[in-house]
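Report on the following structure.
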Amino acid sequence: MGSHSYISNPANQAIYININGQLFHRSEAKISVFDSGFLLGDGVWEGIRLHQSKLVFIEDHLDRLFASAQGISLDIPYSKQEIIYEINKVLDKNKMDDQIHIRLVVSRGDKITPYQNPNANVGPINLVIIPEYKQTDPNTYIKGVNIGRVPNIRPNESILSPHYNTLSKLNCILASIEANKLGYDEGIMNDMNGNISTCNSTNLFFIKNDRVLTSTGEYCLNGITRGKAILVCNQNNIACSETNFTFEDIKNCNEAFVTGTFAGIIPVSQLEGRKLESTNSDSLVNKIRMLYNKEIQNYIG
């Protein structure tokens, strides 16, 4: 599973899930087959971590949730505080306080018939909150991940803005399938101009001659962890450029890493089969990961 490898926890079989404010045992948690998210991928979502009873960077996640919803003309009839209340309600029910991953989903709601146009929708949005005991497999940081180029590219905002965290992930799923066929954990996706943008489920950084390179961000998801990685570099005199570059520019890089809410900063051990130095204890990737972890601890207080 690469960047999303986790330690399996049997307690997840008995969790409660929040659906529109009501709590259901996992075995009883259901959404209608007429739900817009199920039928068409019409909705938005967030992945959120709970560490030491604290919803990490929750303000950033909710800002992105509402921005994504606004971007697809989806009205969320909850305030941010009300959503936090609904998250805490299901966390309390499950007696969860640490190493929890939360998937928060908002769909456009149920339809009267399977049809694209939202005028076929009959009710309010559906809000689903799935909290799981989910701890990153420590081998992820020891072994790193293997990445390489895939043919699938990122769209621009005239197709579907890649900044919106929508349920319509088929573009990234196809890139993931391409990566699997090539033996990679993650696929490197170019933007429409041939510049490196992101990986299929994580954002992407390269290190060459002690300089960190990442895309302009124009064609990748507005990653919360990506933003924090750039922040800690800037705060600690680590040269970090958000710029356009191609694979030719970084094919001889020394290190690389990917970022995501679940596992944070993940070292890339192989770039299309070429071994990198990212997993070394003295690597710049490891330093950035420690700085990022410290940022989380500072947030938790």
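The values are calculated or read from the model by the stated rules, or taken from the named source; none is laboratory data. Quick caveat, the model's predicted, so the values are computed rather than measured. Cβ sites come from the backbone with ideal geometry, for glycine too, and all protein chains shown count toward neighbours.
Assorted remarks:
- Among the conditions (1) within 21 Å of the chain's Cα centre (by Cα); (2) crowded, with 20+ Cβ neighbours inside 10 Å; (3) closer than 28 Å to Ala120 by Cβ, Ser36 misses just one, which is (1).
- So Ile238, is it touching a residue at least 24 places away in the same chain (Cβ under 8 Å) and either over 21 Å from the mean Cα position of the chain (by Cα) or not assigned by TED's automatic domain parsing to the domain that holds Val145 (or both): yes
- Candidate set from region 128-147 (those that are in contact with a helix residue (DSSP H, G or I) (Cβ under 6 Å, 6 or more places away or on another chain) and of a type in the set (Val, Ile, Thr)); member that is surrounded by the fewest Cβ atoms within 10 Å (Cβ to Cβ): Ile129
- Selected residue [out of contact with any His (no Cβ under 9 Å at 6 or more places or on another chain), crowded, with 17+ Cβ neighbours inside 10 Å and hydrophobic (A, V, I, L, M, F, W, C)] from Ile125, Ile84: Ile125
- Residue in region 98-110 that is closer than 30 Å to Gly187 by Cα, touching a Lys or Arg at 6+ places or on another chain (Cβ under 8 Å) and in contact (Cβ under 8 Å) with a residue 60 or more places away in the chain present: yes
- Restricted to strands (runs of 3 or more DSSP E) entirely inside region 205-301, no element has at least 3 residues that are at pLDDT 95 or above, of a type in the set (Ser, Thr, Tyr) and closer than 27 Å to Met192 by Cα.
- If the condition is being more than 16 Å from the chain's Cα centre (by Cα), within 20 Å of Arg108 (Cβ to Cβ) and surrounded by fewer than 17 Cβ atoms within 10 Å (Cβ to Cβ), then region 41-70 contributes Gly41, Gln70.
- Members of region 52-109 found to be farther than 23 Å from Lys30 by Cα, charged (D, E, K, R), in contact with a helix residue (DSSP H, G or I) (Cβ under 9 Å, 6 or more places away or on another chain) and not in a helix (DSSP H, G or I), listed by number: Lys54, Asp97
- Enumeration of residues in region 243-284 that are touching a strand residue (DSSP E or B) at 6+ places or on another chain (Cβ under 8 Å), exposed (fewer than 14 other Cβ atoms within 10 Å of the Cβ) and on the phi < 0 side of the Ramachandran plot: Thr243, Thr246, Lys251, Asn252, Lys275
- Among residues of region 1-26, those that are within 30 Å of Ile177 (Cβ to Cβ) and surrounded by fewer than 17 Cβ atoms within 10 Å (Cβ to Cβ), counted: 8
- Members of region 66-86 that are more than 24 Å from Asn117 (Cβ to Cβ) and either of a type outside the set (Phe, Trp, Tyr) or at pLDDT below 95 (or both): Ser79, Lys80, Gln81, Glu82, Ile83, Ile84, Glu86
- None of Leu204, Leu170 is assigned by TED's automatic domain parsing to the domain that holds Cys253, in contact with a strand residue (DSSP E or B) (Cβ under 9 Å, 6 or more places away or on another chain) and not β-branched (Val, Ile, Thr) except Leu204.
- Some residue of region 148-157 being modelled with pLDDT of 95 or more, outside any loop (DSSP other than H, G, I, E, B), surrounded by fewer than 23 Cβ atoms within 10 Å (Cβ to Cβ) and of a type outside the set (Lys, Arg): yes
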